[in-house]
Amino acid sequence: HRCGFWRPKSLLDTARFTLSFNSRHRKKHQDSRALWKHEAVQKYLETLSKEYQQVSHLLNADSINDFEQRTLRKRCADLSPIAAAFQEIKEAEREVQELEAMCRELDSRDEKQLLELALEEKETLDKKINMLCRKLFQLLVPKGKYDRSHVILEVTAGRTTGGDICQQFTKEMFEMYQNYADYKSWTFDIVNYTPAEIGGLHHAAAHISGDDVYRHLKYEGGTHRVQRIPETGLSSRMQRIHTGTMSVIVLPQPEEVDVKVDPKDLRIDTFRAKGAGGQHVNKTDSAVRIVHLPTGLAVECQQERSQLLNKEMALRTLRAKLYQQVIEKQLSQEQSARKLQLGTRAQSERIRTYNFTQDRVTDHRISYDARNIKEILSGKEALDNLINRLLEFAEIEAVTEYLENLQALEGGGC
């Protein structure tokens, strides 16, 4: 323990060795299994596994004091799931090798059934290894500060010469996220909803709460492009593909948002709600618009009958937006250029294209194509798979970045 095995350091800064991840390597590391096979990663994980054994041994020593024991226990708890996953993957790979060796010997017709069983077992083991690799790298990547936060999600239609396709697409996207919230058992509370005249949507906002909401939605922020032949309106008669855009903003909202807002800095206007919503619509000034004068930020809420409830929801959204300005400064300082490719919410950044004529969704950040747009827009398993691919790619990029920088760190060894 004199070598400092239990020092409170990140799990990704305890070893020192040289890595040579160039751009060619990074293209391979778009999944956990590929990164797992890299020699430097194996060496690093072996280092952590050995440290876990040494820390476990030191915990049984009589010579350590209470402070050292507490520190060792914490380090042991950090390393234990990593060491367990590492050994489990190694054991599964040994089983695969044994099955492959057996399959090479099973080539006669009489052994065909046995060969099929062996191949099925190998396929099951491969899936298990892929799952364990993903779990392992999730353990290695530091948890995002706001990953467990609730969010404010906003959608806004863009502009196009194609007429109403932006508004229609914006409505479909908002419904997609509403369905996804239901699929993930989250709570989806609409804060603002401004419909378009032809059945689409100009702008909408919702407060989404539940487990790890921001973690799953943080890479949805940006510009989403649609390519389709309009189904209604004059432009639909031309049978020509039109291109439009809509933007998504995802603001993390921790349960305790400590943002002080001086009432003197607010201009609060009331107006009559628009669109569907019952008999109270267009009869009472229940809708609320709040403008934060120092920053120019403006928020609206018109979903509740009560003006007081709308005001409370609008203030909550305003605080989230003001808090986001603080968060953005921190993120810009902490994140590397590579992480920002996934994490930025700049509205000029086209992150995904939905091509209806080719029935294809392309995420440009990870060069991934998914088929069946209707399945993705339904907001269920297909969308969840796409979001999980983004999360896995971001995790692998984070691990790769940390490993690249290990050689520049000081300390970490005897």
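The values are calculated or read from the model by the stated rules, or taken from the named source; none is laboratory data. Values in this document were obtained by computation on a predicted structure and should not be read as measured data. We place every Cβ from the backbone using ideal geometry, glycine too, and count neighbours over all the protein chains shown. Heavy atoms of the whole protein, side chains included, go into the accessibility calculation; ligands, DNA and RNA do not. Shrake-Rupley method; radii C 1.70, N 1.55, O 1.52, S 1.80 Å.
A 1.4 Å probe, protein heavy atoms only, puts the accessible area of Glu375 near 100 Å². Once the chain from Asp211 to Glu95 is taken as fully extended at 0.36 nm per residue, the excess over their C-alpha distance is 38.2 nm.
Which entries of Lys264/Lys311; Lys43/Lys127; Lys135/Lys374; Lys143/Lys171; Lys135/Lys380 have Cα-Cα distances beyond 26 Å here? Over 26 Å Cα-Cα: Lys135/Lys374; Lys143/Lys171. Taking Leu308, Leu115 and ordering them by how much accessible surface each has at a 1.4 Å probe, largest first, produces Leu308, Leu115. Using a probe of 1.4 Å, the accessible surface attributed to Lys122 totals some 50 Å² when neighbouring protein chains are kept in position. Counting only protein heavy atoms and using a 1.4 Å probe, the accessible area of Cys301 comes to about 0 Å².
Estimated at 0.36 nm per residue, the fully extended path between Leu117 and Met102 surpasses their Cα-Cα distance by 4.3 nm.
The gain in end-to-end length when the Ser63 to Thr357 segment is fully stretched comes to 98.7 nm, 0.36 nm per residue minus the alpha carbon separation. Model label sites at Glu381 and Thr243, defined 7 Å from Cα along the beta-carbon direction, differ in position by 3.4 nm. Residues His364, His38, His57, ordered by accessible area of protein heavy atoms at a 1.4 angstrom probe radius and largest first, appear as His57, His364, His38. Straight Cα distances below 15 angstrom link Lys260 to the aspartates and glutamates Glu312, with same-chain residues fewer than 8 positions distant left out.
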